[in-house]
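Here's the structure we're looking at; comments come further down.
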Amino acid sequence: NETKKLYGEIKDLLNVASLQKSLRERQLDKAHVPTFFGERGRPIQNRWKTLREYQLINYCIQGTASNIGILALNKLTDTLPKSVNIVGYIHDEFLLEHTKDQIDQVQEIVSRAMEEAFLECFPLAERQREYLVDIKTDTRWIK
């Protein structure tokens, strides 16, 4: 229940319903069902669950998430000690290599960079700050 409530708050905060409506209205007349031979087929009549409309939302969300990740990566490269290696960046995760004695310092830097990057894009999410970043540390990468 708490997760559903938080999800609803975040959707409201980021105004997802308005984004969906706007994209749907702008693209509805361009949407079509292709035929087997690849010709432009018949228009889609207000069918929200079509792949094209889903992709409009998904591309926007994924593109925004990618931009946030790049902002965070830029912040990390400017603030991490030279002895810390950024091994990988996968979707919304950073894989870093560092010594055990740097754990607390690296966690603080990564958390701050990721939160700041997100809040630069969505400043109204400040009240959700505690939910923005989840950091795990281990001796090996575990998904």
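The values are calculated or read from the model by the stated rules, or taken from the named source; none is laboratory data. Since the model is a prediction, treat every value here as computed from it, not as a measurement. Reconstructed Cβ throughout: ideal geometry from the backbone, glycine too, with neighbour counts over all protein chains shown. We work out accessible area using only protein heavy atoms, side chains counted, and drop any ligands, DNA or RNA first. Shrake-Rupley method; radii C 1.70, N 1.55, O 1.52, S 1.80 Å.
Remarks
- The listed residue being at pLDDT 85 or above, touching a strand residue (DSSP E or B) at 6+ places or on another chain (Cβ under 7 Å) and open to solvent by less than 60 Å² (accessible area, probe 1.4 Å), out of 110, 133: 110
- Flag if residue 72 is of a type in the set (Gly, Ala, Ser) and over 25 Å from residue 8 (Cβ atoms): yes
- Failed criterion for residue 71 (all others in (1) more than 23 Å from residue 128 (Cα to Cα); (2) touching a residue at least 40 places away in the same chain (Cβ under 8 Å); (3) part of a helix (DSSP H, G or I) hold): (1)
- Scanning the range 88-106 for residues that are at negative phi and within 20 Å of the chain's Cα centre (by Cα) yields a total of 8.
- Residues of the range 83-97 that turn out to be out of contact with any strand residue (DSSP E or B) (no Cβ under 7 Å at 6 or more places or on another chain) and β-branched (Val, Ile, Thr), as a count: 1
- The range 88-107 - residue that is assigned to a helix (DSSP H, G or I) and in contact (Cβ under 8 Å) with a residue 12 or more places away in the chain and, of those, most open to solvent (accessible area, probe 1.4 Å): 105
- Qualifying residue in the range 75-83 (condition: surrounded by 10 or more Cβ atoms within 10 Å (Cβ to Cβ), at pLDDT 75 or above and under 16 Å from residue 135 (Cα atoms)): yes
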